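Below you'll find the structure, written out as structure tokens, and then a few comments.
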Amino acid sequence: MDLALVLPMPADLSEPIERFRARHRHWASRPMRSWPHLSIKGGAGLSEDPACLDLLRKITAKTAPFEARLGELAVFPGEGRVLHLRVESPGWTRLHRTLVDTIARHTDAQMHPLEIAGWIPHVTVLRLTTEALAQRKQVFAAAQRAGLPSNTSFTVRSLHMERLDAVTNWWNPTHTFDLTAPT
């Protein structure tokens with residue numbers, strides 16, 4: 001079962017990304033499989049067992065809502081296929097580290113190397129085709145014209161566990177954990 005943990009975005013920030021995705025499907029190497037969100041933890045060590053869900057409740061009960069700032073448009077180093085908005089958030093970093101360390105300790109699961117050192121906070125806009133990579137300037141210009149929500153902040157108030165539906169190939173929220181520690 002494919003599971004992941006994500007931080008949902010407010011609709012007013014995710015809708016421009018969705019419109020851009022719909023308008024520029026020709027630049028996508030594959031259809032998007034989820035609504036815009038901030039990824040925070042891959043599936044290693046996750047389950048829908050009561051013990052795992054309780055562990056996530058305990059973590060989020062000790063986590064206060066925090067700010068996330070969406071930055072500039074970028075592509076990852078290397079092959080550069082993932083067009084994304086950078087995210088700056090000390091709260092994201094602390095929660096990510098807590099999730100990875102706590103889940104690894106309680107489950108003995110082997111964490112993905114990027115989760116241990118190197119997961120870059122981001123919001124995926126599109127996974128680009130080879131042709132789109134060759135037209136990178138045009139892709140960035142179109143994204144800027146589309147009014148993607150760069151250089152804006154929002155408050156993260158919850159963590160979602162999502163499961164990949166094998167039939168629809170779409171990530172669906174299965175559990176919501178509110179961040180409830182006092183600020």
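The values are calculated or read from the model by the stated rules, or taken from the named source; none is laboratory data. Just so it is clear, the model here is predicted, and its values are computed rather than measured. Cβ coordinates were reconstructed from backbone atoms using ideal geometry, including for glycine residues, and neighbour counts include every protein chain displayed. All accessible areas refer to the heavy atoms of the entire protein, side chains included, with ligands and DNA or RNA removed. Shrake-Rupley method; radii C 1.70, N 1.55, O 1.52, S 1.80 Å.
Being without any contact (Cβ under 8 Å) to a residue 24 or more places away in the chain and either polar (S, T, N, Q) or surrounded by 13 or more Cβ atoms within 10 Å (Cβ to Cβ) (or both) narrows it down to one residue among E88, E15; which is it?
Exactly one residue qualifies, and that residue is E15.
Collect the residues in the range 136-160 that are touching a residue at least 12 places away in the same chain (Cβ under 8 Å), within 25 Å of G80 (Cβ to Cβ) and open to solvent by 70 Å² or more (accessible area, probe 1.4 Å), keeping them in residue-number order.
R136, Q144, N151
Which of the residues spanning the range 122-160 are polar (S, T, N, Q) and either touching a Cys at 6+ places or on another chain (Cβ under 8 Å) or part of a strand (DSSP E or B) (or both)?
Selection gives T124, T152, S153, T155, S158.
Out of (1) in a helix (DSSP H, G or I); (2) surrounded by 15 or more Cβ atoms within 10 Å (Cβ to Cβ); (3) modelled with pLDDT of 95 or more; (4) out of contact with any Leu (no Cβ under 8 Å at 6 or more places or on another chain), what's the single condition that is false for D54?
Against the list (1) in a helix (DSSP H, G or I); (2) surrounded by 15 or more Cβ atoms within 10 Å (Cβ to Cβ); (3) modelled with pLDDT of 95 or more; (4) out of contact with any Leu (no Cβ under 8 Å at 6 or more places or on another chain), D54 comes up short only on (2).
Within the range 83-99, count every residue that is touching a Phe, Trp or Tyr at 6+ places or on another chain (Cβ under 8 Å), part of a helix (DSSP H, G or I) and either among the small types (G, A, S) or farther than 16 Å from A68 by Cα (or both).
1
Sort out which residues of the range 57-72 are under 16 Å from the mean Cα position of the chain (by Cα) and open to solvent by less than 30 Å² (accessible area, probe 1.4 Å), and write them in order of number.
F66, A68, L70, G71
Just to verify a result, which residue in the range 104-116, among those that are loosely packed, with under 12 Cβ neighbours inside 10 Å and not basic (K, R), is nearest to D54 (Cα to Cα)?
Here the answer is D108.
Filter the range 21-50 down to the residues that are farther than 25 Å from R97 by Cα and more than 18 Å from the chain's Cα centre (by Cα), then identify the one that is most open to solvent (accessible area, probe 1.4 Å).
So, considering only residues that are farther than 25 Å from R97 by Cα and more than 18 Å from the chain's Cα centre (by Cα), the one most open to solvent (accessible area, probe 1.4 Å) is R23.
List, please: which pairs have Cβ atoms under 9 Å, are six or more places apart or on different chains, and start with a residue in the range 48-65 that is over 17 Å from G91 (Cα atoms) and end with one that is part of a loop (DSSP other than H, G, I, E, B)?
Once the first residue is over 17 Å from G91 (Cα atoms) and sits in the range 48-65, its partners that are part of a loop (DSSP other than H, G, I, E, B) give E48/M1; C52/G45; C52/L46; L53/S47.
Please give the number of the condition A109 fails out of (1) in a helix (DSSP H, G or I); (2) at pLDDT below 95.
Against the list (1) in a helix (DSSP H, G or I); (2) at pLDDT below 95, A109 comes up short only on (1).
From (1) in a helix (DSSP H, G or I); (2) of a type outside the set (A, V, I, L, M); (3) surrounded by 19 or more Cβ atoms within 10 Å (Cβ to Cβ), pick out the condition that doesn't hold for W119.
(1)
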